[in-house]
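Notes follow once the structure below has been shown.
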Amino acid sequence: DTGVSQDPRHKITKRGQNVTFRCDPISEHNRLYWYRQTLGQGPEFLTYFQNEAQLEKSRLLSDRFSAERPKGSFSTLEIQRTEQGDSAMYLCASSLMGSPLHFGNGTRLTVT
Amino acid sequence: TQLLEQSPQFLSIQEGENLTVYCNSSSVFSSLQWYRQEPGEGPVLLVTVVTGGEVKKLKRLTFQFGDARKDSSLHITAAQTGDTGLYLCAGGDFTGGGNKLTFGTGTQLKVEL
């Protein structure tokens, strides 16, 4: 069990650019979640997958955000036309149905 | 929208002191989890409570779930510098077969010598 892996750990981008983050969950976990966290606050739910199906998206999630989990294993989160307000830590978590979430160490995005 | 309010938001204490962190909501949750998060890392699960009135102990940490499953508390006895971190409560929503978590606003704890 190598845990949830996220890449990159840090990303600095200019406003208007697109960015993509990757999450590799714990191998046997069928559920994968994306959360966003700003400094000192609790994580905010963005979306989650069961296998390759995206089952729920937060209403707070802008159309500029898209997530995929094409083969039910790793997932990507893309942000198009980044804005300064997108600066945050993006956390990925995985789980089995009904079991606790295991979080990765996040990707910290800074939009300049 | 389910909201979880934590208090206090910040807490700075001396090693050896006791403290309690509160997590309150107007909504009922299927379960309540407590996490600790250190800078640059993801949250790490400390405990899950599922039954109203449940009390769980983890060494110097005592967790309680309210009878109505709307609130919870975390009590730390004889705090140590290693307890420093961001403490997060999270309510579990199992409607529709999901297990989405709604996180609280967080309590930043600093324990000094």
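The values are calculated or read from the model by the stated rules, or taken from the named source; none is laboratory data. Predicted model only: the values in this text are computed from it and were never measured. All Cβ positions, even for glycine, are placed from backbone atoms using ideal geometry, and neighbour counts span all protein chains on display.
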On the given criteria, is A:V4 out of contact with any helix residue (DSSP H, G or I) (no Cβ under 8 Å at 6 or more places or on another chain) and either more than 14 Å from every other protein chain (Cβ to nearest Cβ) or exposed (fewer than 15 other Cβ atoms within 10 Å of the Cβ) (or both)?
no
Of everything in the stretch A:1-30, what is at pLDDT 95 or above and within 18 Å of A:F45 (Cβ to Cβ)? Give them in sequence order.
A:V4, A:Q6, A:F21, A:C23, A:P25
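Which members of the stretch B:32-54 meet the condition of being part of a strand (DSSP E or B) and of a type in the set (A, V, I, L, M, F, W, C)? Let's see the steps before the verdict.
So in the stretch B:32-54, the residues part of a strand (DSSP E or B) come out as B:32-37, B:44-49.
Result: B:L32, B:W34, B:V44, B:L45, B:L46, B:V47, B:V49.
Residues being out of contact with any Leu (no Cβ under 8 Å at 6 or more places or on another chain) and closer than 23 Å to B:A90 by Cα: count how many of those fall in the stretch A:25-47.
Residues of the stretch A:25-47 that are out of contact with any Leu (no Cβ under 8 Å at 6 or more places or on another chain), as a first pass: A:26-27, A:32, A:38-39, A:41.
Now narrow it down to the ones that are closer than 23 Å to B:A90 by Cα: A:26, A:32, A:38-39, A:41.
Residues that pass the stated criteria total 5.
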Within the bounds of the stretch A:87-109, is there any residue that is polar (S, T, N, Q), outside any loop (DSSP other than H, G, I, E, B) and more than 29 Å from B:L46 (Cα to Cα)?
no
Given B:T84, B:T48, which one is touching a residue at least 12 places away in the same chain (Cβ under 8 Å) and out of contact with any Ser or Thr (no Cβ under 7 Å at 6 or more places or on another chain)?
B:T84
Which of the residues belonging to the stretch B:1-31 are more than 13 Å from every other protein chain (Cβ to nearest Cβ) and in a loop (DSSP other than H, G, I, E, B)?
B:E15, B:G16, B:E17, B:N18, B:S26, B:S27, B:V28, B:F29
Against the conditions (1) more than 18 Å from B:G91 (Cα to Cα); (2) within 14 Å of chain B (Cβ to nearest Cβ), where does A:V19 fall short? Just the number, please.
(2)
